[in-house]
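Below is one structure; the comments refer to it alone.
The values are calculated or read from the model by the stated rules, or taken from the named source; none is laboratory data. Computed from a predicted structure; not experimentally measured. FYI the Cβ positions are ideal-geometry reconstructions off the backbone, even for glycines, and counts take in every protein chain you see.
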Amino acid sequence: MSAPALAGRRALVAGASRGIGRACALALAAAGAEVVALARDAAALDALAAEAAQAGAPPVRPLVCDALDVERLRSALDAIEPCDVLVDAVGGNDPTPFLDVTPEQFDRLSALNVRTAFFLMQRVAARLRAAGRPGSLVMVTSQMGHVGAPLRTVYCATKHAVEGLVKAAAVELAPHGIRVNAVAPTFIATDMTRAMFADPAFSADVLERIPLGRLAEPEDVAAAAVYLASDASRMVTGTSLLVDGGWTAR
């Protein structure tokens, strides 16, 4: 599959140091975008930039910042040129029985999964509107933003929240030419899920629920993000592209 051209565009990828975010940064760069890679891990961002350069892609510029620190995030984004594309891959999970969830867990996951998404989207959109430029905002959510599952009440709540944010922001930002969409993947073998898939029973149950019979790869999500960032999706806004192998189809 050939990637849609993003030459001449600047893309901000948040959570770019590993997993889905890293794959998205590399895919956007391969499609011709100048990528600003935001994360807390400076060494991982340097390695990402080196890999993109070795592949002959446009420069990937590391931006070391904690997305949870909204004031610092705003300052960091205001110090660079407006970004035409945002891919937000910041997020986390903490599987816990519903009756055992603590206020601290709830607040931490809500801040990580919802608050960061809201203020990243807000700042990128504000810069685009001020510059009079169109853009595409892509939020990485989850199939769990469409369904429910045990041990994931907080995760599901936060991902459903971002899916709602996408719809509302898409309507409000459409007059400015700014599109807003979500990519909602199924389970992916990343650092966040590796411990869960060490349990054979869990792994078998997950695979049985995916009609295609396999886990997604970070590159599957990245391909969807490139599509939503490009003009190939110029009439797509306010929607969620499920990359779930059919999980939510039944």
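With Ala11, Ala76 as the choices, which residue is surrounded by 14 or more Cβ atoms within 10 Å (Cβ to Cβ) and either assigned to a helix (DSSP H, G or I) or at pLDDT below 95 (or both)?
None of the other options fit; the residue is Ala76.
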*Taking Leu128 as the residue in question, decide whether it is crowded, with 20+ Cβ neighbours inside 10 Å, over 14 Å from the mean Cα position of the chain (by Cα) and modelled with pLDDT of 95 or more.*
yes
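In the set Ala30, Ala50, Ala43, Ala57, which member is surrounded by 21 or more Cβ atoms within 10 Å (Cβ to Cβ), farther than 20 Å from Leu120 by Cα, of a type outside the set (Val, Ile, Thr) and out of contact with any strand residue (DSSP E or B) (no Cβ under 6 Å at 6 or more places or on another chain)?
Only one candidate passes the filter, namely Ala57.
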*Of the residues that make up the range 99-110, is at least one crowded, with 17+ Cβ neighbours inside 10 Å, under 30 Å from Ala7 (Cα atoms) and modelled with pLDDT of 95 or more?*
no
*Looking at Glu104, is it acidic (Asp, Glu) and out of contact with any Lys or Arg (no Cβ under 7 Å at 6 or more places or on another chain)?*
yes
*Which residues, taken from the range 131-153, are surrounded by fewer than 23 Cβ atoms within 10 Å (Cβ to Cβ), touching a residue at least 40 places away in the same chain (Cβ under 8 Å) and aliphatic (A, V, I, L, M)?*
Ala131, Val147, Leu151
*List pairs: first in the range 32-61 and within 21 Å of Ala229 (Cβ to Cβ) and free of Cβ contacts under 8 Å to residues at least 40 places away in the same chain, second of a type in the set (Ser, Thr, Tyr) and surrounded by 21 or more Cβ atoms within 10 Å (Cβ to Cβ), Cβ under 9 Å, 6+ apart or cross-chain?*
Ala37/Ser17; Leu38/Ser17; Ala39/Ser17; Leu45/Ser17; Leu48/Ser17
*Given Leu109, Leu63, which one is assigned to a helix (DSSP H, G or I) and either touching a helix residue (DSSP H, G or I) at 6+ places or on another chain (Cβ under 7 Å) or under 27 Å from Ala189 (Cβ atoms) (or both)?*
Leu109
*Single unsatisfied condition, Glu81 versus (1) farther than 25 Å from Thr158 by Cβ; (2) without any contact (Cβ under 8 Å) to a residue 40 or more places away in the chain*: (2)
*Say whether the condition of being within 22 Å of Ala11 (Cβ to Cβ), modelled with pLDDT under 95 and in contact with a strand residue (DSSP E or B) (Cβ under 8 Å, 6 or more places away or on another chain) is met by at least one residue in the range 170-186.*
no
*Say whether the condition of being in contact (Cβ under 8 Å) with a residue 12 or more places away in the chain, surrounded by fewer than 23 Cβ atoms within 10 Å (Cβ to Cβ), among the aromatic types (Phe, Trp, Tyr) and within 15 Å of Val90 (Cα to Cα) is met by at least one residue in the range 154-161.*
yes
